[in-house]
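The values are calculated or read from the model by the stated rules, or taken from the named source; none is laboratory data. From a predicted model like this one, the values you see are computed outputs, not experimental measurements. Every residue, glycine among them, receives a Cβ derived from its backbone with ideal geometry; neighbour counts consider all protein chains shown.
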Amino acid sequence: MKILIAAIGKLRAGPEALLVKDYLSRANSSGRNIGFSGPHLSEMEAPNNLPRVNRQIREGELLLKSARDHERLIVLDETGVNLSSEKLSAMVREMRDQGVGGAAFLIGGADGHGEEIKTRAAETLSFGAATWPHMLVRVMLAEQLYRAMTILSGHPYHRS
């Protein structure tokens, strides 16, 4: 199963970019032997000179275009469900076992997602009630996907 992280905004060189790269590499290595490809990162810029609603619509179009080969859309949003690492791992395993060809985790820009993305999502996830910069959400998601791969492969990284 292909896994994609599609995000609005581009990480600049720095600690966040290094962490994302490291966790994506680890997840890719761990997941390859258990039926996963990726996660891959697709970043895109949306025009900043649009009103909020129009910007959300444009960002949604860009995210959907990036995720077009992935049949399961999972939105990261503050209103989503806060899953434990074990439950996220189980969700990814179930998608793989059900024959889902690809899952795309969508991270919106600073104003969040528009309604079209939210209604098209199969799942909406949150990393808690706190507001997180979307650049840190990438790091957290990459780490959680790596953790999910280690849980599924029986690697001792995760401790319950």
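Within region 109-133, if we keep just the residues that are more than 16 Å from M95 (Cα to Cα), buried (at least 16 other Cβ atoms within 10 Å of the Cβ) and not aromatic (F, W, Y), the residue that is farthest from the chain's Cα centre (by Cα) turns out to be G114.
Restricted to region 25-42, and to residues there that are within 28 Å of E116 (Cα to Cα) and touching a Leu at 6+ places or on another chain (Cβ under 7 Å), the residue that is modelled with the lowest pLDDT is G38.
Table: residues versus (1) closer than 20 Å to L62 by Cβ; (2) part of a helix (DSSP H, G or I); (3) in contact with a helix residue (DSSP H, G or I) (Cβ under 7 Å, 6 or more places away or on another chain); (4) in contact (Cβ under 8 Å) with a residue 60 or more places away in the chain.
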site	(1), (2), (3), (4)
T119	yes, yes, no, no
T124	yes, no, yes, no
A130	no, no, no, no
V137	yes, yes, no, yes
E143	no, yes, yes, yes
R147	no, yes, yes, yes
L152	no, yes, yes, yes
P156	no, no, no, no
R159	no, no, no, no
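Do we have L76 as part of a loop (DSSP other than H, G, I, E, B), surrounded by 15 or more Cβ atoms within 10 Å (Cβ to Cβ) and modelled with pLDDT of 90 or more here? No.
Are any of the residues in region 12-35 in a strand (DSSP E or B) and free of Cβ contacts under 8 Å to residues at least 60 places away in the same chain? The answer is no; no qualifying residue exists. Considering only residues that are under 20 Å from A122 (Cα atoms), touching a residue at least 40 places away in the same chain (Cβ under 8 Å) and either out of contact with any Gly (no Cβ under 7 Å at 6 or more places or on another chain) or assigned to a helix (DSSP H, G or I) (or both), which ones fall in region 38-71? Passing the criteria: P39, L41, Q56, I57, E59, G60, L62, L63, L64, S66, A67. Scanning region 35-51 for residues that are surrounded by 14 or more Cβ atoms within 10 Å (Cβ to Cβ) and more than 16 Å from M135 (Cα to Cα) yields F36, S37, G38, P39. Applying a threshold of 8 Å to beta carbon distances and a minimum spacing of six or more residues, or different chains, the list of pairs starting in region 74-97 at a residue that is small (G, A, S) and ending at one that is in a helix (DSSP H, G or I) reads S85/Q144; S85/R147; S85/A148; S85/I151; S89/R147; S89/A148; S89/I151; S89/L152.
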